[in-house]
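Structure first, commentary second.
Readers should treat all values here as calculations from the given coordinates under stated rules, not as data from a laboratory. All of these numbers come straight from a predicted model, not from anything done at the bench. Using ideal geometry, Cβ is built from the backbone for each residue, glycine included, and neighbour counts are taken over all protein chains shown.
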Amino acid sequence: MMEILNNWRAWSVFGMVWLTASCPADAFQDSPPVTAGVRVPDGFRVTMYADDDLASNIYSMTVDAAGRVVVAGPRYVRILHDRDGDGRAESFTAFSDRPAGGAQGMFFDGSDLLATGDGAMWRLRDADGNGRADGPPEQILKIRAGGEHDAHAIRRGPDGWFYLLAGNGAGVNASYASLGSSPIRVPSAGTLLRLPPSLTGSEILVDGFRNAYDFAFDPAGDIFVFDSDGERDVSLPWYRPTRVFHALPAHGTGWLSRSWKRPGYFLDMTPVVGAFGRGSPTGVACYRHTAFPKKFRGAVFACDWTFGRVVALTPPGASGPGLEKPVEFMTGRGHFGFAPTDIAVAPDGAVFVSVGGRGTRGSVFRITHPATITGSTVRRRSPIRRCLTTPQPLASWSRHQWLPLARKLGAAAFHKAVADPDFSPAERARAVEILVDPFGGPDFDRLGEVDTGWPAVVRARLAWAVGRMEPGQPDAERLGVFLKDADPGVGRAACEAVLGVAGKWDWSVVEPGLLVQLNSSDRRTRQVAATAVARMPEEAWQRIRARAKKLPPRARIAAAVGGRAHVKGVDRDGLAVALEVLAADTSAEVPLSLKRDAARLGQLALGDVGPSRGRAAVFDGYGAVLSPEMLSPVAGEVGRVIEAAFPTGNRELDDELARLAAMVSTAEPRLLEKFLDQLDIQSHPVSDLHFLITSARIPLARNEVQRMRTARALVGLQAKIDRKDLKQDSNWDDRVGELYAALCGHDARLPRAVLDTPGFGLPSHVLFLGKIAKADRPRARAAFVAAIAKAGEDYPWSGEVVRLLGQSDDPAVRSLVRGAYERVGVRGSVLLELARRAEPVDRKRFVEGLASSSLEVVGACLGALAKLSRGTAASEQLALLGAVRRLGTAATEHGLRSRAVALLRRNTGRRFGFVSGKKGRVAQPKAVAAWTAFLETAYPKETRRLLGAAAASLEGLKKRLARVDWDNGDVSRGKMVFAKRGCVQCHQGRRALGPDLAGSAGRFSRADLFTAIVLPNRDVSPRYQTTVVQTDDGRVYNGLIVYQSVDGLTLRTGTNQTIRLEREEIEYQARRPESLMSSGLLKGLDDGGYADLYAYLKTLRK
């Protein structure tokens, strides 16, 4: 220790430079004004670091080796500059325009950038360090990248390897386990890959993600990943919320299919450390700096794009005070559109959060804690301590600081630090990491004897180092010692080191230690030990299996879970262990939590649940993967054990006992009765569904009592959902419909029982009609009519109800449907039903329907008008013209245009040369202009009112366009007009609010083009029609929806603002045939400006 400290003076100059670079900028400069749009905890300060003009529609963000914030979006990677140190960027350097589709993840390896996008992981070299990529990117790994479910974040781990997170659309398969040390050989769904420093070859470390975007390492080296929910399955039994996982190597996170995601309490699941409901996870960071209060140090920060929040949580077992429970660290205020996409920690300890994605407004926020910064002191430290305590040691900028210093100090200094008790345990553990990267690992002979007197965190890191030095052939003798360690953290690290073993290896040396860890008091340690057992060869497994029989139940369960990998078909031994524990009395040795693990072991022993060809998706999490023939010999025994144990009163255990029974389709009458007993007035609707599904797997005839109980549960689901204000999404009807079909397969009289159940007649009950006999259909419609009459204005009309009642010939029912037209939410469905049997009384409605954003509705209204007699009203002709002008040239839209023109010809007797058919799939500006001129002359007053422009404005525009000298237009001046008038804000590709104007001067006549600019509401394509939303407090917003779910929506307004609205606060929502464009964009522009703008528009090409 003293030898190291005596070198202090030799580093003094370097140390002062280091201290200056590490000192928070807030200590020297005044910060910019506080941002009012977001909320952070008391004592924190948030400011706008960069706005949309510097960084629009940000996909990802990082901090480079020089400590500069770098952002990426479509066709740009930019380095942001705060040259005056005021805490706000004022300029940027364009590093690259690749990946063209936008980088979904970035990490700087020195001055080079690693990025995902455009179908690969790329290296963009900057050999001269000028902040600009030198040339075309170099492909590192071919992988699907660029889409929202493809490859995302890149980080460097404490071992010096690169880690790449990929969503379930990235196409990662067994070929990506190209290194023999890969913990997972055949992956499922999304994955976390690990690549060596050479970036040649890869391992699959974790799988089973749905669509995780980012991850982070905590100080102990554990990995935490924020994964998305299955939002379409909300309120179904297998719905899992957004979750932060402690990603254990060789484990899955549970996403198996669209209708089966494993619960977090499964023994073979990687641990869930935080669950946050609905959301869209994006950036993740672990705060390993000192500029925030102590309770936030070591915390994991996770971003949620959908709900505009950054949550913070302290992982279990972390050192320091930590957060007692997860907190919402950063949220938008009011309706401020805060859509975070990434998060990073800067050299001064400030946290940067970027917002953007899906065309939303881009920004970068900077969060600091002034009191902590002010109260901190800058202390002189020895070079070795500076190296061991550099904040955020895995960040590019941090590596740029400590790595040159570490190399200069040499490996010997770090060996001494590891063994020196004068260093803190955290410093000693960090010294182990530095010995692994960059020195290749510790020399254990130089360290001397590592005994239990050394801190557990140091012993754990040394065990980890053994596995990272030679991943495929770790030192078995040393691991054997660490595996016998009584500390769970040390044992888990040693077990993880075994997971990469490849080829011939002496397993006998580690078997005694593995038996110790299989019986660990820590569940995570037992999990990893079980996974190690799964990796061992058959002869080693047989020895473990024999010795495990003498161990306590928790060890036998863990051993059997690992042993499942060595058995084909039904694992009789594993099943025997599971059933023995389930049948045992609950005690300290066999608590309910262990019985729950036993139930999971039973499922694994039977081959596990999962999707199967030909079986409805609702049973993905309830039906066995193995065939019924393989399970039938054990079905009776399994059923009897479960019947005796169920119910236990423990929700999770009872759920898994029911799932186990469903796997074997046990024919135990008493068990069916017990499952149906769980359905009552007070039971939760999600629990009801679970037991209805499990009962549907029991192949027994139902008696009258069971039939009525089932019918009441089915009919009552919606009322319970509504009372608890639960959400439902698009998969609800399909899955419940599959369940209902299966239940009817056991009981042909169930449909009539459902129809006779009080409360029948809600929109969600339409899905039950498919099994109702044809003779009962009129009675079913009558039940819906009665329910509507009873509820009155409060009845929640749906498109399905409209379609059901639309089939009736009863004039009273048809009148009821017609009355629903005033409800905006079902107006399209009403028009579709009325159009099937068009009547003159509905003509006005069909004319209004021509403005619908739904092409199906427009087509139905055109068909209805064609069935009626010739129309003479101006409103009808102008509505038809509006459709002609608004619809595009794609096959479907051109077909509708042609039908609208045919009606105009029928109604007016004029033709004007419009070409139908395939040859007519062009803009046809002359024909459209002729129709427009004719109708404007024939109906001048109606034109002013219905086409969205005052006659004076339209006539004035025509006169002005006639006098402009178009030949004198200047392209450069026109480009300035395009920018200054705000056109670039909506029509620049990456902002994606309005249509691409490339080629517009060729597609449209000059008059039509400028009419669309000056009078933007005249003809609006369905794609760009706006949505108007009124909130319950009277506020009104108008914009384009960039994201919508059952929880609410995100709206982008014409002023480039992002607005987030919750479902509960939306009073009214409707599409309107209006544009976001301002009608005064060219106000004050002289004739020369018109010519200049047109000259520039003509240069835009596809």
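Would you work out which of PHE226, TRP402, THR872 lies farthest towards the positive end of the dipole of the chain, given +1 charges on the beta-carbon of Lys and Arg and -1 on that of Asp and Glu, about the Cα centre?
The Cα lying farthest towards the positive end belongs to THR872.
Could you size up the charge dipole of the chain around its Cα centre, putting +1 on the beta carbon of Lys and Arg and -1 on that of Asp and Glu, and report it in debye to the nearest 20?
With only Lys, Arg, Asp and Glu charged at Cβ, the dipole is about 3700 debye.
Taking the Cα atoms of the stretch 334-487, report the difference between the largest and smallest coordinate on each principal axis, in whole Å and largest first.
Principal-axis extents of the stretch 334-487 (Cα, largest first): 60, 39, 30 Å.
Tell me which of TRP797, THR360, VAL300 sits at the most positive position along the dipole axis of the chain, charges placed on C-beta atoms (Lys, Arg +1; Asp, Glu -1).
TRP797
Out of ILE557, LEU114, LEU762, whose Cα points farthest toward the positive end of the dipole of the chain (charges: +1 Lys, Arg; -1 Asp, Glu; placed on Cβ)?
Highest projection toward the positive end goes to LEU762.
Full-extension gain between SER508 and ARG547, please, as 0.36 nm times their residue separation minus the C-alpha to C-alpha distance.
Answer, rounded to one decimal: 12.8 nm.
Taking the Cα centre of the stretch 24-375 as origin, sum charge times position over the Cβ atoms of Lys and Arg (+1) and Asp and Glu (-1), and report the length of that vector in debye to the nearest 20.
840 debye
Under the classification rounded if a/c is under 1.5, otherwise prolate if a/b is larger than b/c and oblate if not, where does the stretch 870-947 fall, given a ≥ b ≥ c as square roots of the Cα gyration tensor eigenvalues?
It is prolate, given that a/c is not under 1.5 and a/b is the larger ratio.
Rg/Rh for the stretch 195-264 to two decimals, with Rh computed the Kirkwood way over all alpha-carbon pairs.
That ratio equals 1.04.
Return ILE373, ILE1066, ILE58 ranked ascending by Cβ neighbour count within 10 Å, so the fewest neighbours appear first.
ILE1066, ILE373, ILE58
How far is helix 456-469 tilted, in degrees, relative to the longest principal axis of the Cα atoms in the chain, given as a value from 0 to 90 rounded to the nearest 10?
Value to nearest ten degrees: 80.
In debye, nearest 20, what is the charge dipole magnitude of the stretch 218-278 about its Cα centre with +1 on Lys and Arg Cβ and -1 on Asp and Glu Cβ, if you could check?
260 debye
Given that compact globular proteins tend to follow 2.2 N^0.38 Å, what is the ratio of the alpha-carbon Rg of the stretch 49-154 to that value?
1.00
From the helices alone, meaning DSSP H stretches of at least four residues, give me the mean residue ellipticity at 222 nm for the chain, per-run term -39500 (n - 2.57), in deg cm²/dmol to the nearest 500.
The helix contribution divided over the chain gives -12000 deg cm²/dmol.
Arrange the following residues from fewest to most other Cβ atoms within 10 Å of their Cβ: SER398, SER898.
With the sparsest Cβ surroundings first, the list reads SER898, SER398.
Taking square-rooted eigenvalues a ≥ b ≥ c of the alpha carbon gyration tensor, is the stretch 24-375 rounded, prolate or oblate, where a/c under 1.5 means rounded and, failing that, a/b exceeding b/c means prolate?
Here the stretch 24-375 falls in the oblate category.
Cross-link candidates for LYS1083: which lysines have Cα within less than 23 Å, leaving aside residues fewer than 8 places away along the same chain?
Filter leaves LYS958, LYS959, LYS975, LYS980, LYS1098.
At a 10 Å Cβ-Cβ cut-off, how would you order SER815, SER178, SER875, fewest neighbours first?
Going from least to most buried by this count: SER815, SER178, SER875.
Once you order the gyration tensor axes a ≥ b ≥ c over the Cα atoms, which shape class does the stretch 460-545 get: rounded for a/c under 1.5, otherwise prolate or oblate by comparing a/b with b/c?
Oblate, because a/c is 1.5 or more while a/b does not exceed b/c.
Students often forget the sequence filter, so: which lysines lie under 23 Å Cα-Cα from LYS550 once same-chain residues fewer than 8 apart are removed?
Result set, ordered by chain and number: LYS484, LYS595.
Using 0.36 nm per residue of separation minus the Cα-Cα distance, give me the extension gain between ALA94 and ALA583 in nm, one decimal.
169.3 nm
Helix 488-498 versus the longest principal axis of the chain: what angle, 0 to 90°, nearest 10, using Cα atoms?
The answer is roughly 80 degrees.
Here are some values of Cα extents along the principal axes in Å: [x] 101, 83, 50; [y] 168, 142, 67; [z] 117, 89, 67. Which one was computed from this structure?
The calculated read-out lines up with [x].
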